[in-house]
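Below is one structure, written out as structure tokens; comments come after it.
The values are calculated or read from the model by the stated rules, or taken from the named source; none is laboratory data. Note that the coordinates shown come from a computational prediction; the quantities given were computed from them, not determined experimentally. Neighbour counts run over all protein chains shown; Cβ positions are idealised from the backbone, glycine included.
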Amino acid sequence: MDAPFFMAQPSGLHKFFQSFKQQPLLLWPLLSLLIPLWPSFSEPLPSRQLVNQELTLPSTGEVRFSKPFVLEENAAGAVRLVTFVGLPVNAVVSISTELIDTTNQVVLAFDKEGWRERGIWQEEGQTGIYDESDNSYKVFFRPNKSGQYRLRFAVDGLEDRAGQPIKANLPLRVDIQDQYIDQGLYSWTFWISLAIVLLFLNSVYCQGRRRFGGRIDDLLEASTLTRMNYEKGVIMLKLNGRFEVTTSHYTLARVIPLPLELGIADGNGKLLHTETINIYLERKSASDEDDPPFWRFKTRLFFFNPDLQSLRFRLSMPERVDVLEQEWIDFDLRDRVVSILPLKIRRIG
């Protein structure tokens with residue numbers, strides 16, 4: 001008699017999940033799907049505006065300082081510095097930036113090479129004016145220790161395209177934010193952690209260990225090869241077959257019942273389970289329009305083996321049904337099957 005029995009068994013990380021063999025359903029690994037979503041459950045830290053200031057940089061190399069600001073060593077996120085400099089047309093500039101502490105010691109230094117170019121473009125009889133530039137830079141950093149800091153700026157050189165010095169006062173806008181979290185980092189963290197979780201779930205919820213399978217011609221003969229030791233847990237039997245018509249004149253229903261005789265015996269030949277299961281042949285159209293249609297069946301049966309023991313699955317079905325004749329059957333028998341969903345499982349014994 002069939003009895004719904006909801007059971008899941010280890011696969012992949014088999015040894016790790018040995019203690020869960022008799023659990024009604026192995027669902028706790030699904031909690032790992034919450035890991036990629038964890039950052040969204042916590043409120044993002046608001047960025048703090050530390051400096052938003054406009055300066056004027058002389059091309060003569062005189063230094064200019066930003067307003068002082070306080071940085072914390074263990075603050076979340078990073079400090080983001082963004083600067084924009086206004087350049088004359090067709091000019092190249094080199095700007096040095098230094099982060100200094102209260103003793104005027106340089107703790108971080110970097111340079112920026114910027115340019116601006118304006119000209120006339122011509123293409124297919126059309127003309128226009130272009131104005132392109134690279135006049136900004138963005139830097140992320142974290143301080144080694146908490147304290148008050150300032151930025152020191154200076155123009156190391158400002159030249160035209162001919163390499164001649166230019167005298168000008170360059171407008172510079174400085175924007176500094178603390179506790180800045182890059183949204184791109186959030187996105188990468190989500191996708192990478194999701195990939196790791198999916199690999200983990202695939203190692204848990206897979207189709208088990210294949211014991212016997214392949215394309216066969218005689219189901220009853222192949223049944224003799226199923227005798228072996230099966231572990232305690234869920235066993236899956238999957239059958240996929242094809243029948244073809246043997247005559248050019250026929251009238252057949254689109255769905256035809258096909259009886260499958262099933263018997264499961266132990267190592268001593270004692271029958272532990274016997275059953276007649278109705279599976280169904282369904283009409284399919286051939287890929288070539290000139291070929292006749294064929295009938296296919298697919299079925300998956302699940303069994304619970306209460307203990308490690310030797311079993312043999314004895315299977316048989318008619319090789320001919322009306323004008324249909326069996327062409328082949330794909331046979332797949334596995335143990336250590338884990339299900340993510342409840343299954344209708346037949347108990348052996």
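Suppose we keep only residues that are buried (at least 16 other Cβ atoms within 10 Å of the Cβ) and charged (D, E, K, R) within the range 239-265. Which one would you say is nearest to residue 328 (Cα to Cα)? Only one residue fits best here, namely 242.
Which members of the range 230-263 meet the condition of being of a type in the set (Gly, Ala, Ser) and part of a loop (DSSP other than H, G, I, E, B)?
248, 253
Only strands (runs of 3 or more DSSP E) whose full extent lies in the range 57-141 are considered here, and the ones with at least 1 residues that are among the basic types (Lys, Arg) and crowded, with 16+ Cβ neighbours inside 10 Å are 78-85, 106-123. Summed over the range 290-341, residues that are among the polar types (S, T, N, Q), more than 40 Å from the chain's Cα centre (by Cα) and farther than 17 Å from residue 276 by Cα total 1. Sub-6 Å Cβ pairs linking a first residue in the range 287-306 that is touching a residue at least 60 places away in the same chain (Cβ under 8 Å) to a second residue that is assigned to a strand (DSSP E or B) and hydroxyl-bearing (Ser, Thr, Tyr), at least 6 apart or interchain, are 305/230, ordered by first then second residue.
With respect to residue 341, is the statement that it is surrounded by fewer than 16 Cβ atoms within 10 Å (Cβ to Cβ), within 25 Å of residue 204 (Cα to Cα), without any contact (Cβ under 8 Å) to a residue 24 or more places away in the chain and of a type in the set (A, V, I, L, M) true?
Values: surrounded by fewer than 16 Cβ atoms within 10 Å (Cβ to Cβ): yes; within 25 Å of residue 204 (Cα to Cα): yes; without any contact (Cβ under 8 Å) to a residue 24 or more places away in the chain: yes; of a type in the set (A, V, I, L, M): yes.
Considered against the rule, which asks whether it is surrounded by fewer than 16 Cβ atoms within 10 Å (Cβ to Cβ), within 25 Å of residue 204 (Cα to Cα), without any contact (Cβ under 8 Å) to a residue 24 or more places away in the chain and of a type in the set (A, V, I, L, M), residue 341 comes out as yes.
Residue count for the range 34-77, restricted to those that are at pLDDT below 75 and within 29 Å of residue 342 (Cβ to Cβ): 4.
If you check every pair at least six apart or on different chains, which have Cβ atoms under 9 Å apart with a residue in the range 149-165 that is closer than 24 Å to residue 109 by Cα first and a residue that is surrounded by fewer than 16 Cβ atoms within 10 Å (Cβ to Cβ) and aromatic (Phe, Trp, Tyr) second? Close Cβ pairs satisfying both conditions: 150/65; 151/65; 152/65; 153/65. Report the residue count in the range 71-94 for those that are out of contact with any Asp or Glu (no Cβ under 7 Å at 6 or more places or on another chain) and farther than 18 Å from residue 52 by Cα. Within the range 71-94, residues that are out of contact with any Asp or Glu (no Cβ under 7 Å at 6 or more places or on another chain) and farther than 18 Å from residue 52 by Cα number 9.
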